[in-house]
1. Which order do peptides 105-118, 45-58 fall in by mean Cβ count within 10 Å, highest first?
2. Over the chain, average the accessible area per residue using a 1.4 Å probe and give it in Å², no decimals.
3. Run the accessible area of the chain with a 1.4 Å probe and give the carbon-and-sulfur part as a rounded percent.
4. For the chain, with a Gaussian network of springs between Cα atoms less than 10 Å apart, report the residue from Tyr161, Tyr96, Tyr36 with the top mean-square fluctuation.
5. Report the relative contact order of the chain, percent, no decimals, based on alpha-carbon pairs under 8 angstrom and at least 6 residues apart.
6. Could you name the aspartates and glutamates in cross-link range of Lys59, using Cα to Cα under 18 Å and dropping any fewer than eight places away on the same chain?
7. What's the magnitude of the charge dipole for the chain around its Cα centre, counting Lys and Arg as +1 and Asp and Glu as -1 at the beta-carbon? Answer in Debye, nearest 20.
8. Give me the number: length gained by fully extending Asn75 to Tyr36, i.e. 0.36 nm times residue separation minus the C-alpha to C-alpha distance, one decimal in nm.
Amino acid sequence: MNPVIENLLTRRSIRSFQNKQIPLEDLELILKAGSYAPNGMGLQAWKFTAIQNPDILKKVDNVIRQVILSSPVENERLIERAKDPNHNFLNNAPTYIIVSHLKDSPLAMADCALALGNMMLAAHSLGIGSCWFNSLPRMTNHPLVRELLTELEIPENHNVYAAGVFGYPEGEIKPAVPRREGIIKIFE
Ligand SMILES: Cc1cc2nc3c(=O)[nH]c(=O)nc-3n(C[C@H](O)[C@H](O)[C@H](O)COP(=O)(O)O)c2cc1C
């Protein structure tokens with residue numbers, strides 16, 4: 001099979017990671033693949049922030065925890081996890097990538113999703129697992145998150161639209177579930 005198609009068909013979301021860092025060379029390739037994603041009007045108005053520093057990863061985990069604990073609308077399961085000091089909201093992944101973009105751009109979500117998609121596929125081709133984690137994007141407007149984004153040099157006029165964990169997979173990787181019937185229609 002064409003190796004690009006095979007890479008597309010075999011990528012799975014990975015949520016358990018080995019305690020082994022992604023080499024910088026591979027991280028740079030993954031980020032480069034993201035930067036070559038299609039983007040509205042070719043503006044490249046996004047920013048990719050990759051974190052491998054353990055102290056900063058811990059800080060991100062802690063901000064997510066604090067936001068969940070301070071929000072009245074969170075679900076019980078998440079609150080229980082947030083109260084558990086052993087739970088890590090980045091699944092102890094060694095690398096975390098935040099994709100941000102202009103707050104008021106109608107292109108932002110599409111641009112960022114395509115960029116992170118490219119990165120996840122590039123990672124898979126290098127034997128590296130990944131998963132989109134929606135925790136930070138969905139709380140991007142919270143003041144504690146904004147404070148964190150500022151520390152990470154993410155511009156004040158940016159929101160987080162996509163974020164993912166990356167690392168070498170740990171444990172069994174199950175094959176993809178069969179694709180649903182009826183989702184594809186071709187008019188010849
Ligand atoms: C927009 C988006 C948000 C997602 N958010 C999460 C998430 O917060 N946590 C998680 O474990 N997986 C998340 N995922 C991963 C999906 O659950 C996963 O892609 C889906 O179940 C299909 O599995 P596969 O990627 O292995 O094919 C997200 C995926 C997308 C595209």
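The values are calculated or read from the model by the stated rules, or taken from the named source; none is laboratory data. Just so it is clear, the structure is predicted and the values come from calculations on it, not from any experiment. For neighbour counting, all protein chains shown are included, and Cβ atoms are generated from backbone atoms with ideal geometry for every residue, glycine included. Side chains are part of the model used for accessible areas, which takes the heavy atoms of the whole protein and leaves out ligands, DNA and RNA. Shrake-Rupley method; radii C 1.70, N 1.55, O 1.52, S 1.80 Å.
1. Details: 105-118: 19.2, 45-58: 15.9.
Those peptides, ordered most packed to least, come out 105-118, 45-58.
2. Values: 11220 Å² over 188 residues.
Ligands and nucleic acids excluded, the result is 60 Å² per residue.
3. Working: 6180 of 11220 Å².
Of all accessible area on the chain, carbon and sulfur atoms account for 55 percent.
4. Residue with maximal mean-square fluctuation among Tyr161, Tyr96, Tyr36: Tyr36.
5. On the way: 278 pairs, mean separation 65.3, N = 188.
Taking the mean separation of contacting Cα pairs over the length of the chain, I get 35 percent.
6. Result set, ordered by chain and number: Asp84, Glu147, Glu151, Glu153.
7. Numbers: 19 positive and 20 negative charges, 78 e Å.
For the chain, the charge dipole is close to 380 debye.
8. Values: separation 39, 0.36 × 39 = 14.04 nm, distance 3.71 nm.
Between Asn75 and Tyr36, full extension yields an extra 10.3 nm.
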